[in-house]
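J.: Here's a structure for you.
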Amino acid sequence: MRRYIGYREFVQRDQRSLVGLALLLTGSHEQAIRLALRAFHTVGLNWPPPLWENPTTHAQIALYRRFLQRPSSAGSTALVRLPPRQRVLVVACLHDGRSRGEMATLLSLPLATVEAEITEAVSTLTKGNESRLVARLSTAAGEASVPDLTARAMRTLRRRRNRGALLTTAAALIPISLIAGFILFQSGEVWWNSALGEQNHPLSTRDPETMQVIPAPTGAVGPQPWRAPRTSAVIRYAVPGRCPGEVLPAVDDSATAAAVEITCAGWTLNLISSGDADDSSPDAKACEGQDRCESTVNVPDAAQQLANGTAGDDPQLDPTISLDGRRIAYLSAAERRYVAYDLRSGMKRYLSPVLVPADTENGTLVSVSADGRHFTVTLGKRQLRTDFLTGALTPLPAAQVSAAEKTSDWLRRQYPAWKDAPSGRFSAAVGTEKVAPGKSQSLHIINTASRKVIKRLPLPSPGEPTRAEVVSWLNNREVVVKMMDKTGSDLLGFFRVDAITGQTHRVAGLPGNDSIVLGAGTAL
């Protein structure tokens, strides 16, 4: 244990402040102590720290990350009723003294999202009085009752030595497992998704309608599965390409005979980057040395329309882009299933089995969580949720359905179109009330839990009859609205609308396509 010299003193010095942070996040002394011990253990695994690392900062960041992985709360304080990420941002920035930019980088969020969530939390807790909230946090953290945690922290590190032999054995088995898996894959074995009750069998023994993973098509006519470029650029927006107006050929007639028919596919991504990173995107070389550079990438197999609708009324499909612009999900016309890609790593995840017509009778869509980690595919009355980091796919129980998802049927009856906020607490739609001459429509902000319109915000009025359409939420506060003339043929502009104050700002540089899906809000 000589390598842990100084670790005991570090725990004794920082245990009160760390438990105080954990108490603000959890509201429970028991949970706070458990969370603090986890953070101390993370620092201890890399003890002694390098000269450039502050172990106190390392422990605090480890505590935030551990809490976000397994959020918990107890008690009835106002703070613990906030969403977990808002709790972390409030505690880190207003109590721990961390900058908003640092937390945006730490949580891989746009700075605008961090600012908006802190503003919303301060408004919720103290009606916008930030100094009062800071004082309340300091008082609550000072009430932490902290026993001496040094003995428990040292005992945890001793257990680590006993696990060394087991970890060494596991590390030796990993290459063997990879080789065996490669051999099985080459011999035609396919792994089925165990979350849907499937098992591993040879391809020839499975019913094609229940396949969960299919091999990439070879020699097929039509769009092929897309390969995402590994790039540090982010997706600013996506627009559809020209629609051929014909049913695209299936990947494999024997495997997708019962799959849905797709009449149109192809989206174009607008990427934006600094041009300094070593990107593999097609236009990366043209961006070298530029502070702000835009390029485009085509996704030919991203579906636009299904052939399951009535004549002239084929269901429209849009891709879904994470708020940070790094991940995209869509229905693949090449594989007839939902897929997701991470542009930074090039990683691909399957989000659903091969679809059959019954999956799309009542419409189908894919959504992503605010942190870009969880993708949810709605197929009829069932929902499948995928953790992008682990690849785990599970059916979503009814008890876990969000308020926004529960309200979707009601919203569909009230509005032609709407968009849900990243938090799921609110939705935005353009009001259906009659508009007087020279006036524009209003933006409705709806509380998804109560199904009430809590705000009716005026939209920009250019002095002529207009039509408005909600494009997307940039964060939990700002909505982008597209303004057109009365006929919908001329674009009058895109506007950011503050859902709290109603202030509007024109957004430049967006194309006037019939459909547009926004990505990274900080790039607008």
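J.: Going through the range 121-140 one residue at a time, which ones are among the small types (Gly, Ala, Ser) and in contact with a Lys or Arg (Cβ under 9 Å, 6 or more places away or on another chain)?
T.: Within the range 121-140, just ALA121 meets the criteria.
Results for (1) open to solvent by less than 50 Å² (accessible area, probe 1.4 Å); (2) closer than 21 Å to ALA520 by Cβ; (3) acidic (Asp, Glu); (4) out of contact with any helix residue (DSSP H, G or I) (no Cβ under 9 Å at 6 or more places or on another chain), shown as yes or no for each residue.
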residue: THR364; (1), (2), (3), (4): yes, no, no, yes
residue: ALA370; (1), (2), (3), (4): yes, yes, no, no
residue: THR378; (1), (2), (3), (4): yes, no, no, no
residue: ARG382; (1), (2), (3), (4): no, no, no, no
residue: ARG385; (1), (2), (3), (4): no, no, no, no
residue: PRO395; (1), (2), (3), (4): no, no, no, no
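J.: A further question follows. Determine which member of the set SER123, SER73 is of a type outside the set (A, V, I, L, M), open to solvent by 10 Å² or more (accessible area, probe 1.4 Å) and in a helix (DSSP H, G or I). It would help to see each step written out before you state the result.
T.: Working: SER73 fails: in a helix (DSSP H, G or I).
After ruling out the rest, the residue left standing is SER123.
This table checks each residue for (1) out of contact with any helix residue (DSSP H, G or I) (no Cβ under 7 Å at 6 or more places or on another chain); (2) in a helix (DSSP H, G or I); (3) open to solvent by less than 30 Å² (accessible area, probe 1.4 Å); (4) closer than 15 Å to LEU107 by Cα.
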residue	(1), (2), (3), (4)
PHE40	no, yes, yes, no
PRO50	yes, no, no, no
GLU53	yes, no, no, no
ALA62	no, yes, yes, yes
ARG65	yes, yes, no, yes
GLN86	no, yes, yes, yes
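J.: What is the number of the single condition among (1) in a loop (DSSP other than H, G, I, E, B); (2) modelled with pLDDT under 85; (3) within 28 Å of VAL114 (Cα to Cα) that GLU405 does not meet?
T.: Evaluating GLU405 over (1) in a loop (DSSP other than H, G, I, E, B); (2) modelled with pLDDT under 85; (3) within 28 Å of VAL114 (Cα to Cα) leaves (1) as the failure.
J.: Can you name every residue in the range 322-341 that is open to solvent by 10 Å² or more (accessible area, probe 1.4 Å) and not in a loop (DSSP other than H, G, I, E, B)?
T.: So the first thing to find is which residues in the range 322-341 are open to solvent by 10 Å² or more (accessible area, probe 1.4 Å), and the list is 323-324, 326-327.
Once the filter is applied, which keeps residues that are open to solvent by 10 Å² or more (accessible area, probe 1.4 Å) and not in a loop (DSSP other than H, G, I, E, B), the range 322-341 yields only ARG327.
J.: Which condition from (1) touching a Gly at 6+ places or on another chain (Cβ under 9 Å); (2) surrounded by fewer than 16 Cβ atoms within 10 Å (Cβ to Cβ) is the one that GLY97 breaks?
T.: In the conditions (1) touching a Gly at 6+ places or on another chain (Cβ under 9 Å); (2) surrounded by fewer than 16 Cβ atoms within 10 Å (Cβ to Cβ), GLY97 misses (1) alone.
J.: Can you name the residue in the range 8-38 that is over 31 Å from the mean Cα position of the chain (by Cα) and open to solvent by less than 20 Å² (accessible area, probe 1.4 Å) and, of all such residues, is farthest from PRO83 (Cα to Cα)?
T.: PHE10
J.: Picking from GLY266, GLY312, which residue would you name as being surrounded by fewer than 22 Cβ atoms within 10 Å (Cβ to Cβ) and at pLDDT below 90? Explain how you work it out, then say what you get.
T.: Numbers: GLY266 fails: at pLDDT below 90.
Just one listed residue meets the conditions, GLY312.
J.: Any idea how many residues of the range 336-382 are of a type in the set (Asp, Glu) and modelled with pLDDT of 90 or more?
T.: Taking the range 336-382 first, the residues of a type in the set (Asp, Glu) are 342, 359, 361, 371.
In the following step, the residues that additionally are modelled with pLDDT of 90 or more were identified as 342.
Of the residues in that region, 1 qualify.
J.: Quick one: would you say ALA141 is over 34 Å from the mean Cα position of the chain (by Cα), surrounded by 10 or more Cβ atoms within 10 Å (Cβ to Cβ) and at pLDDT 85 or above?
T.: When the stated conditions are applied, ALA141 does not pass them.
J.: Could you please let me know if SER345 is within 20 Å of LEU518 (Cβ to Cβ), open to solvent by 10 Å² or more (accessible area, probe 1.4 Å) and not in a strand (DSSP E or B)?
T.: no
J.: Would you pick out the residues in the range 15-29 that are closer than 21 Å to ARG159 by Cβ and without any contact (Cβ under 8 Å) to a residue 60 or more places away in the chain?
T.: Residue satisfying the conditions is LEU18 alone.
J.: Go through the range 351-362 and give me each residue that's open to solvent by less than 30 Å² (accessible area, probe 1.4 Å) and either in a loop (DSSP other than H, G, I, E, B) or charged (D, E, K, R) (or both).
T.: Selection gives LEU351, SER352, PRO353, VAL354, LEU355, ASP359.
The values are calculated or read from the model by the stated rules, or taken from the named source; none is laboratory data. These numbers come from a predicted model, not from an experiment. Note that we place each Cβ from the backbone using ideal geometry, even for glycine, and neighbour counts take in every protein chain shown. Remember, those area values only see protein heavy atoms, side chains included, never the ligands or the DNA or RNA. Shrake-Rupley method; radii C 1.70, N 1.55, O 1.52, S 1.80 Å.
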